[in-house]
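The values are calculated or read from the model by the stated rules, or taken from the named source; none is laboratory data. As the structure is a computational prediction, the values presented were derived from the model and not from experiment. Heads up, the Cβs are rebuilt from the backbone with ideal geometry, glycines too, and the neighbour counts pull from every protein chain shown. These accessible areas exclude ligands, DNA and RNA; they are computed on the full protein's heavy atoms, side chains included. Shrake-Rupley method; radii C 1.70, N 1.55, O 1.52, S 1.80 Å.
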Amino acid sequence: MFSLLAWSATLSGQTMNVLSAQEKAQGWQLLFDGKTLDGWHASAPPQGQGRAGAPPPAQPGAAAQVGSSPKPCVTALKESASAVPAGRSRWEAVDGLLMPCGAPTGYLTSDRSYKNFVLSIEFKCGEDANSGVFVRSPQESGGYEVQIWKQQPAGYNTGAIVGTAKTARDYRFKPDQWNHYQITAEGDHIVVVLNGETTLDIHDARFPEGNLRLQYQQFPIAFRNIKIRPLP
């Protein structure tokens, strides 16, 4: 098992979690400063009713896989952004990386809601990890889950949007290395790009706006360089 704690943003040879002058001119916004969880809050897995009083749509694979091994928490509870109500997952900013730890499972949710945008995010995890990046998640439930999982039971594997669209072929993230997702949502047009390859290019209008959510299934995973560029 690899050690997330051994990672350091300085090892990449890049300046992490900052915007370049060009990015600022293009309208990009930094969503993680590498030091705090400002702009985010921990949330529990969605419960209760969905839209129009109906149960939320089932998203196969929502439960953690057998054999997941949570990373121990590093920061004290009072020092982390995880001074949160019981039942919500813990998240930490450690060495410039954004990481969940311990138990229970859950999400880290953006305080703000977004409609049209380009989201850029990097992640690193083991080969058997189960996670995901949600966009346009209204009231912290539902939305589009861009999958991080090599073999999801219903076939919504990495690069797919769970319950919405499967990829035409198999796409794999690089285990124990940094991977990059670029997710564009403009009107009903959604495009997912993994490490420079387009995995999905679809039209779907079910979720026009909502929060971002990072999923934690007790598999060690780290995120960095989380940036968004709002579109008209």
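Report yes if Q151 is at pLDDT below 95 and not in a strand (DSSP E or B), otherwise no. So that I can check it myself, show each step before the final result.
Values: at pLDDT below 95: yes; not in a strand (DSSP E or B): yes.
Yes.
To keep it simple, each residue is scored yes or no on (1) modelled with pLDDT of 80 or more; (2) not in a loop (DSSP other than H, G, I, E, B).
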site: Q22; (1), (2): yes, yes
site: G48; (1), (2): no, no
site: A58; (1), (2): no, no
site: V66; (1), (2): no, no
site: C73; (1), (2): yes, no
site: A81; (1), (2): no, no
site: R88; (1), (2): yes, no
When D128 is evaluated against the numbered criteria (1) among the charged types (D, E, K, R); (2) under 20 Å from D204 (Cβ atoms); (3) in a loop (DSSP other than H, G, I, E, B), which criterion, by number, is the only one it fails? (2)
Six or more apart or on different chains, Cβ under 6 Å: which pairs go from a residue in the stretch 118-130 that's closer than 15 Å to N17 by Cβ to one that's polar (S, T, N, Q)? Could you list them? S120/Q182; E122/N225; F123/N179
For the stretch 110-136: of the residues being out of contact with any Leu (no Cβ under 7 Å at 6 or more places or on another chain) and among the hydroxyl-bearing types (S, T, Y), which is most open to solvent (accessible area, probe 1.4 Å)? S113
Residues to consider are L4, L37; find the one that is open to solvent by less than 50 Å² (accessible area, probe 1.4 Å), at pLDDT below 55 and under 18 Å from the mean Cα position of the chain (by Cα). L4
Within the stretch 93-131, the residues that are acidic (D, E) and over 12 Å from the mean Cα position of the chain (by Cα) are D95, D111, E127, D128
Across the stretch 125-177, the tally of residues that are charged (D, E, K, R) and in contact with an Asp or Glu (Cβ under 7 Å, 6 or more places away or on another chain) stands at 2
Scanning the stretch 7-20 residue by residue, the ones that are in a loop (DSSP other than H, G, I, E, B), loosely packed, with under 15 Cβ neighbours inside 10 Å and at pLDDT below 50 total 2
Checked R169, R213 against criteria (open to solvent by 10 Å² or more (accessible area, probe 1.4 Å) and at pLDDT 95 or above); the one match is R169
Answer yes if at least one residue in the stretch 183-191 is closer than 29 Å to C101 by Cβ, in contact (Cβ under 8 Å) with a residue 12 or more places away in the chain and either of a type in the set (S, T, N, Q) or surrounded by fewer than 21 Cβ atoms within 10 Å (Cβ to Cβ) (or both), and no otherwise. no
